[in-house]
Amino acid sequence: MGAEIFILGIPFGIMLTLVTGPIFLEVVNTTLHKGKTKAILIEIGAVLADFNYIMVSYLFTVSLTQKIKSIEIIEIIGGIILIIYGIYYYKKKEKIKPIKKEKEKENYILYYIIKGYVINIVNVSVFIYWTSLVVLLGTYYGLNDNNVIVFFGTILLTYIILGYIKIYIIHYYGKGFSEKQKRGIKKTISYLIILLGAFITSKAIYKYV
């Protein structure tokens, strides 16, 4: 069971690394204009925000499960949330904005960690993403402490490792992904999220009826 959940978490960690949202673009910008060290600090802040959202999503889902006794209803809600998120992510347009030259902060370590945290924590779609994954985990494996730690620990660890590799590639090999590559990645991830949501929803409806 633990091995299955570990393997399940890896693709979601990869997906999280490639999602071209605000934190992705900020990391690209910072890597190009400020260096990889500051970009890594932003990633650390983003991970802290993700951890907070995981805790909130977990408590929210557990509370919802206690109020709605039918697990199929929870699955349908989670599936619909995934579909909506996939469509929203597909249609949302993101552009890299040039970073203005500014005087370097004295305590830049804390500054960039907080910056990454704030950018991620104000992004409501991040909460939707983590809530959907909590529902997915609860649907197929249950929300006991061990499952939650293994699943989300794997996702965050994968994200951290691949995030550093991503920063390294951008720093040493030019300006990172081309616009065409980013569109392709975005489209692929959107389709995968929508298909996953449709699968969960249809399976739940089938069991419910």
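The values are calculated or read from the model by the stated rules, or taken from the named source; none is laboratory data. Model, not experiment: these values are computed from the prediction. Every residue, glycine among them, receives a Cβ derived from its backbone with ideal geometry; neighbour counts consider all protein chains shown.
Data table
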item	result
Residue satisfying condition, being under 15 Å from the mean Cα position of the chain (by Cα) and touching a residue at least 24 places away in the same chain (Cβ under 8 Å), within set Ala49, Ala39	Ala49
Top-ranked residue of the stretch 167-195 - restricted to ones that are basic (Lys, Arg) and over 16 Å from Ile83 (Cβ atoms), ranked as modelled with the lowest pLDDT	Lys175
Among the candidates Ile40, Ile54, residue that is out of contact with any Lys or Arg (no Cβ under 6 Å at 6 or more places or on another chain), assigned to a helix (DSSP H, G or I) and farther than 22 Å from Tyr89 by Cα	Ile40
Lone unmet requirement of (1) modelled with pLDDT under 85; (2) touching a Lys or Arg at 6+ places or on another chain (Cβ under 9 Å); (3) more than 27 Å from Val62 (Cβ to Cβ) for Ser125	(3)
Set Val47, Val62, Val19: member being surrounded by fewer than 17 Cβ atoms within 10 Å (Cβ to Cβ) and within 26 Å of Leu143 (Cα to Cα)	Val62
